[in-house]
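Asks: First the structure, which I've put down as structure tokens, then a few questions once you've had a look.
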Amino acid sequence: MRAEVFVNPDRVISEVSAGIFGSFIENLGACIYGGVYDPGSPAADEDGFRMDVIETAKKMGVTSVRFPGGCYAPYYHFEDGIGPKKQRPKTRYRTHYDNPDNSFGTDEYIKWCRKIGAEPFICINMGTGTPEEARNWVEYCNGSVGSRYADQRWENGHKEPHGVRLWGIGNEVGGNWELGYFDHAGDYVRRAREFAMAMKEADPSIKLIGCGAHFPVLDGIYDAPTGYFPNPSDNWNREVLDRMFEYLDYIDLHHYIGHDYKDDIMQTWEKMGTEKVHYYLNEQMQILEDAYRIMREDIRLIRHKHGNMKPIGIALDEYNSWYRADENICCNYTAADGLLAAAYFNIFIRNADVAVLCNMAQLVNVLPAVIVEPGGGRSFRTAVSYVQELFLPNKGLEAVDIWVQSPTWEGAYYKEVPYLDASCSYDREKKRLVLNLVNRHIKEDVTVSFGIKGKTVGAISGKFFGNTEPDTENDLEHPNRLSLKEFRCTEPSGIVIPPLSAAVLNVELI
């Protein structure tokens with residue numbers, strides 16, 4: 001199988017944001033308790049944090065971590081998780097959200113973020129919480145000594161402000177599964193403005209993320225009894241952007257590939273077989289690219305309406321594959337799932353002008369990048385963690401336009417889906433490209449003819465993931481079945497990408 005790729009480094013999309021390498025932790029299953037925080041484990045450090053999780057997060061280059069949820073956010077009250085640990089209450093909300101003793105609270109979370117080198121990103125409680133509580137949380141984290149909650153932080157051992165910059169105003173508030181959900185965008189906006197005003201009063205410098213449509217391709221047209229947006233006349237994103245324009249720095253969306261139709265897939269998994277499911281899910285990734293295009297135009301429209309070109313980014317603050325998880329949303333990830341993660345990163349880079357904050361869910365044990373034994377010492381990295389590490393060389397470079405001509409397969413919705421998925425970034429100072437190539441064909445190599453406007457291709461090197469059976473996965477007994485491997489290219493005019501592989505290549509230019 002042959003494909004062609006042509007890059008024009010003069011057509012710059014935007015800088016590849018470091019923010020696309022974010023993560024997410026939530027009190028769900030054994031993600032935090034027994035995962036991130038596991039004082040009884042021989043793998044824990046002096047603070048009770050799992051060192052294997054810290055090591056994995058560093059290798060993945062995690063830049064921000066969203067906390068405490070997720071669907072746990074509308075139950076969580078930050079004051080339950082501050083102060084002396086022995087005095088903190090036990091809380092129980094839903095089956096999935098048992099909280100043993102609130103021993104991992106705001107201060108522990110921020111200390112852990114500092115250890116992995118990531119920025120904190122807090123989602124406030126819009127369900128059972130109030131604007132006053134959100135304001136107090138901001139003051140606790142960012143206030144100067146001499147105010148009530150800042151003084152309380154000092155009493156808890158932290159004189160200097162934590163300096164939390166990123167704050168989300170609610171989680172999935174347009175979905176009726178969420179505690180405190182809203183039927184209409186206008187209802188959310190009225191309440192969210194109160195939160196935003198109160199939070200900005202505590203610290204005007206914070207960056208706010210507004211709740212966008214749970215899935216924008218369906219925004220304003222989807223109406224179902226279990227519904228995402230019960231009122232099909234709403235254009236949720238535009239109303240939120242318009243009426244909260246002076247407050248918002250980002251608008252969010254969530255995307256779990258396979259989740260909205262996971263029951264159908266699980267019921268027919270054996271009938272469909274791995275190969276058909278693989279191609280079906282890769283086709284569906286195109287919907288996310290469409291979502292970025294739609295939201296980009298929504299942002300552009302509202303900017304013009306307000307006569308203000310201030311930057312508003314899109315925060316994909318929950319994403320991953322989700323179609324084989326158990327009731328605690330625990331699963332392992334296969335080589336084929338790793339290629340879905342690669343598709344996400346290619347989409348982020350191709351849409352670098354708006355894809356500026358992305359948080360893979362979740363870091364440990366739940367839709368995991370790493371799986372650990374709660375209380376034990378063993379762990380292993382899953383496919384998706386290796387793929388995030390693979391794409392790190394793009395960070396901070398210029399995303400540039402790329403043209404791809406590839407053989408295709410016929411999908412259920414998109415009639416021509418390319419086997420070769422690609423993106424590119426450019427290091428102008430060092431005169432080199434980072435070329436990201438994903439061969440989604442399960443059985444065949446793809447030989448890529450590569451060209452670049454006004455330049456000659458020199459040496460090519462890099463790393464790749466995959467080239468194995470699609471169901472291959474790591475486990476506690478076999479933690480290294482999947483990993484990154486060195487990529488060697490002896491003929492730049494024909495780059496051979498093995499089947500079911502993602503390669504990130506450093507291309508020297510002459």
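The values are calculated or read from the model by the stated rules, or taken from the named source; none is laboratory data. Just so it is clear, the structure is predicted and the values come from calculations on it, not from any experiment. Using ideal geometry, Cβ is built from the backbone for each residue, glycine included, and neighbour counts are taken over all protein chains shown.
Asks: Just for region 461-506: of the residues that are farther than 18 Å from residue 385 by Cβ and β-branched (Val, Ile, Thr), which one is nearest to the chain's Cα centre (by Cα)?
Replies: Among those residues, the one meeting the criterion is 497.
Asks: Filter region 53-77 down to residues that are farther than 25 Å from residue 19 by Cβ and either surrounded by 21 or more Cβ atoms within 10 Å (Cβ to Cβ) or in contact with a Phe, Trp or Tyr (Cβ under 8 Å, 6 or more places away or on another chain) (or both), then give me how many there are. It would help to see each step written out before you state the result.
Replies: Keep residues of region 53-77 that are farther than 25 Å from residue 19 by Cβ, which gives 75, 77.
From what is left, the residues that are either surrounded by 21 or more Cβ atoms within 10 Å (Cβ to Cβ) or in contact with a Phe, Trp or Tyr (Cβ under 8 Å, 6 or more places away or on another chain) (or both) are 75.
Final tally of qualifying residues: 1.
Asks: Pairs needed: first member in region 425-437, farther than 16 Å from residue 449 by Cα; second member anywhere, among the acidic types (Asp, Glu) and modelled with pLDDT of 95 or more; C-beta distance under 7 Å; at least 6 residues apart or different chains.
Replies: Filtered contacts from region 425-437: 425/398; 426/398; 428/398.
Asks: Here's a follow-up. Could you check residue 56 against (1) on the phi > 0 side of the Ramachandran plot; (2) not in a loop (DSSP other than H, G, I, E, B) and say which number it fails?
Replies: (1)
Asks: Can you run down the residue pairs with Cβ atoms below 6 Å, 6 or more apart or on separate chains, where the first is in region 350-362 and touching a residue at least 12 places away in the same chain (Cβ under 8 Å) and the partner is basic (Lys, Arg)?
Replies: Correct list of pairs: 354/296; 359/66.
Asks: What strands (runs of 3 or more DSSP E), lying completely within region 308-414, carry at least 1 residues that are polar (S, T, N, Q), surrounded by fewer than 21 Cβ atoms within 10 Å (Cβ to Cβ) and more than 14 Å from the chain's Cα centre (by Cα)? Lay out the reasoning, then the answer.
Replies: Working: elements: 313-321, 355-360, 370-372, 379-381, 398-405.
Result: 398-405.
Asks: What pairs can you find where one residue is in region 26-46 and under 22 Å from residue 124 (Cα atoms) and touching a residue at least 12 places away in the same chain (Cβ under 8 Å), the other is among the β-branched types (Val, Ile, Thr) and part of a loop (DSSP other than H, G, I, E, B), and their Cβ atoms are less than 6 Å apart, with a gap of 6+ or different chains?
Replies: These pairs meet every condition: 28/366; 29/366; 31/25; 31/366; 32/25; 36/25.
Asks: Which of (1) at pLDDT below 90; (2) crowded, with 16+ Cβ neighbours inside 10 Å; (3) within 22 Å of the chain's Cα centre (by Cα) does residue 261 not meet, given it meets every other one?
Replies: All conditions pass for residue 261, except number (2).
Asks: Return the only residue of 458, 454 being surrounded by fewer than 21 Cβ atoms within 10 Å (Cβ to Cβ), modelled with pLDDT under 95, in a loop (DSSP other than H, G, I, E, B) and more than 25 Å from the chain's Cα centre (by Cα). Talk me through it step by step, then tell me what you get.
Replies: On the way: 458 fails: in a loop (DSSP other than H, G, I, E, B).
So the residue among 458, 454 that is surrounded by fewer than 21 Cβ atoms within 10 Å (Cβ to Cβ), modelled with pLDDT under 95, in a loop (DSSP other than H, G, I, E, B) and more than 25 Å from the chain's Cα centre (by Cα) is 454.
One line per residue, one yes/no per condition, for (1) touching a Phe, Trp or Tyr at 6+ places or on another chain (Cβ under 7 Å); (2) modelled with pLDDT of 95 or more:
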{"residue": "99", "(1), (2)": "no, no"}
{"residue": "107", "(1), (2)": "no, yes"}
{"residue": "134", "(1), (2)": "yes, yes"}
{"residue": "151", "(1), (2)": "no, yes"}
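Asks: Being of a type in the set (Lys, Arg) and in contact with a helix residue (DSSP H, G or I) (Cβ under 7 Å, 6 or more places away or on another chain) is the filter; apply it to region 370-417 and report the residue that is nearest to residue 430 (Cα to Cα).
Replies: 395
Asks: Of all residues being of a type in the set (Phe, Trp, Tyr) and under 27 Å from the mean Cα position of the chain (by Cα) in region 111-154, which is nearest to residue 195 (Cα to Cα)? Just the residue, please. Break it down into steps so the answer makes sense when it comes.
Replies: To start, the set of residues in region 111-154 that are of a type in the set (Phe, Trp, Tyr) comprises 112, 121, 137, 140, 149, 154.
If we keep only those that are under 27 Å from the mean Cα position of the chain (by Cα) as well, we get 112, 121, 137, 140.
Working: 112: 27, 121: 16, 137: 12, 140: 16 Å.
By that ranking, first place goes to 137.
Asks: Please list, ordered by first then second residue, the pairs with beta carbon atoms under 7 Å, 6 or more apart or interchain, first in region 129-151 and basic (Lys, Arg), second part of a helix (DSSP H, G or I) and surrounded by 14 or more Cβ atoms within 10 Å (Cβ to Cβ).
Replies: 135/198; 135/199; 135/202
Asks: If I filter region 81-98 for residues that are touching a residue at least 40 places away in the same chain (Cβ under 8 Å), part of a loop (DSSP other than H, G, I, E, B) and closer than 19 Å to residue 197 by Cα, do I get at least one hit?
Replies: The answer is no, given that none of the residues of region 81-98 is touching a residue at least 40 places away in the same chain (Cβ under 8 Å), part of a loop (DSSP other than H, G, I, E, B) and closer than 19 Å to residue 197 by Cα.
Asks: Can you go through 449, 423, 493 and tell me which one is in a strand (DSSP E or B), of a type in the set (Ser, Thr, Tyr) and loosely packed, with under 15 Cβ neighbours inside 10 Å?
Replies: 449
Asks: Name the residue, out of 158, 162, that is over 21 Å from residue 195 (Cβ atoms) and at pLDDT 95 or above.
Replies: On the way: 162 fails: over 21 Å from residue 195 (Cβ atoms).
Checking each option against the conditions leaves just 158.
Asks: Are any of the residues in region 39-48 under 21 Å from the mean Cα position of the chain (by Cα) and hydroxyl-bearing (Ser, Thr, Tyr)?
Replies: Looking through region 39-48, none of the residues is under 21 Å from the mean Cα position of the chain (by Cα) and hydroxyl-bearing (Ser, Thr, Tyr).
Asks: Could you list all residues from region 180-198 that are surrounded by fewer than 18 Cβ atoms within 10 Å (Cβ to Cβ) and either assigned to a loop (DSSP other than H, G, I, E, B) or hydroxyl-bearing (Ser, Thr, Tyr) (or both)?
Replies: Passing the criteria: 180, 183, 184.
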